[in-house]
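Report on the following structure.
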Amino acid sequence: MLAKNLISEILPTLKTSDTGLIALKIMDEYKVSHVPIVNNEDFLGLLSENDVDAVHDRDEPIGNYQLSLSRPFVDQYQHIYDVIELACNEKLTVIPVLSKSNLYIGTILLKDLVYHFGNITAVRNPGGIIVLETNENDYSLSEISAIVESNDAKVLSSYITSHMDSTKLEVTLKINKINIYPILQTFERYNYIVLASFSESTFNDDLMDRYKSLMTWLNL
C-alpha cells in the first residue's frame with residue numbers, strides 16, 4: 001500500500017496569510033496537532049499546536065510568525081511502512097505527501113494510517129498468534145511459513161522486532177487457525193523458542209475490541 005492511496009481528502013491546508021486562530025480551528029475540528037502550510041502547491045512545513053500557543057497575537061498571519069518549521073513528508077510512492085516510520089519518529093498527527101517534483105498533493109491522517117495498518121496486519125481476521133525467538137543469522141521466513149503450512153495453516157501477517165545489543169529477533173505471526181497447538185509442537189521440534197502464543201477466540205475478540213477502541217479514540 002502506497003502513500004498516495006492513504007491520502008485524506010478532508011483536511012484543509014493553511015496559507016501564510018491565515019491566522020493562528022484559523023489554524024487552531026482546523027486542529028480542533030479535525031482532531032490533529034499539525035496542519036500543513038501550502039502556498040499554491042509548495043509545501044512550506046507543518047504548523048504545530050505548540051507553535052501557535054507560543055505566539056501572543058493569534059490574529060496575526062502565520063507568515064509573520066518567527067518559526068523554524070519542520071518539513072517532514074513522504075513521497076507519494078513510498079510504502080505505508082515508511083509512512084508509519086516517519087509518523088513515529090516525528091510524533092506526527094498528519095503526514096504530508098509530495099509528488100516526485102516536490103509539490104504538495106495531500107495529507108495522511110494518523111487515524112487513517114492506523115485503520116489501514118490494521119487491515120494489512122490482519123487484525124480483523126480470526127486466528128492465533130505466535131511469537132518466536134530466533135538468531136538473526138538463522139531467521140528464514142520461508143522456513144517458518146513452511147512449518148506453518150505443513151500443519152494446513154497459513155501465515156496471514158508477520159513482523160520482526162529487534163533489540164539493541166542483541167542478535168536475537170522476535171518474530172510475531174498471525175495464523176489463520178485458532179487451534180495452533182500442532183503448529184507450536186512443530187516449531188519446538190525444529191528447535192524454535194516459542195516466547196508466547198495466543199489461540200483463544202476471546203483473545204481475538206479482545207484484540208478487535210482494542211483496535212475498535214483505538215479507532216474511536218482517534219475520532220474523538
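Key figures for this structure:
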| item | result |
| --- | --- |
| Asp57 being surrounded by 15 or more Cβ atoms within 10 Å (Cβ to Cβ) and charged (D, E, K, R) | no |
| Residue that is nearest to His79 (Cα to Cα), among those in region 3-14 that are of a type in the set (A, V, I, L, M, F, W, C) and buried (at least 16 other Cβ atoms within 10 Å of the Cβ) | Ala3 |
| Single unsatisfied condition, Thr134 versus (1) touching a helix residue (DSSP H, G or I) at 6+ places or on another chain (Cβ under 6 Å); (2) surrounded by 16 or more Cβ atoms within 10 Å (Cβ to Cβ); (3) modelled with pLDDT of 90 or more | (1) |
| Residue pairs meeting the criteria (Cβ under 7 Å; at least 6 apart or on separate chains; first farther than 19 Å from Val35 by Cβ, in region 79-92; second small (Gly, Ala, Ser) and in a helix (DSSP H, G or I)) | none |
| Qualifying residue in region 15-28 (condition: in contact with a Pro (Cβ under 6 Å, 6 or more places away or on another chain) and surrounded by fewer than 16 Cβ atoms within 10 Å (Cβ to Cβ)) | yes |
| Residues being out of contact with any Lys or Arg (no Cβ under 8 Å at 6 or more places or on another chain) and either within 16 Å of Leu69 (Cβ to Cβ) or of a type in the set (S, T, N, Q) (or both) - total across region 1-25 | 9 |
| Out of Val55, Val38, sole residue that is over 20 Å from Thr107 (Cβ atoms) and either assigned by TED's automatic domain parsing to the domain that holds Gly106 or among the small types (Gly, Ala, Ser) (or both) | Val55 |
| Residue within region 6-13 that is within 30 Å of Ile175 (Cβ to Cβ), modelled with pLDDT under 95, under 20 Å from the mean Cα position of the chain (by Cα) and not basic (Lys, Arg) present | yes |
| Region 155-192, subset more than 24 Å from the chain's Cα centre (by Cα) and without any contact (Cβ under 8 Å) to a residue 24 or more places away in the chain, residue farthest from Val131 (Cα to Cα) | Asp165 |
| Residues within region 24-55 that are in contact with a helix residue (DSSP H, G or I) (Cβ under 8 Å, 6 or more places away or on another chain) and among the hydrophobic types (A, V, I, L, M, F, W, C), tallied | 8 |
| Condition broken by Thr93, with the remaining ones in (1) more than 18 Å from Tyr30 (Cα to Cα); (2) at pLDDT 90 or above; (3) of a type in the set (S, T, N, Q) satisfied | (1) |
| Selected residue [within 23 Å of the chain's Cα centre (by Cα) and in the same structural domain as Gln185 (by TED's automatic domain parsing)] from Ile130, Ile84 | Ile130 |
| Strands (runs of 3 or more DSSP E) wholly inside region 89-158 containing at least 1 residues that are under 30 Å from Leu47 (Cα atoms) | 94-98, 104-109 |
| Any chance Ser99 is over 16 Å from Leu2 (Cβ atoms) and free of Cβ contacts under 8 Å to residues at least 60 places away in the same chain | no |
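The values are calculated or read from the model by the stated rules, or taken from the named source; none is laboratory data. Just so it is clear, the model here is predicted, and its values are computed rather than measured. We place every Cβ from the backbone using ideal geometry, glycine too, and count neighbours over all the protein chains shown.
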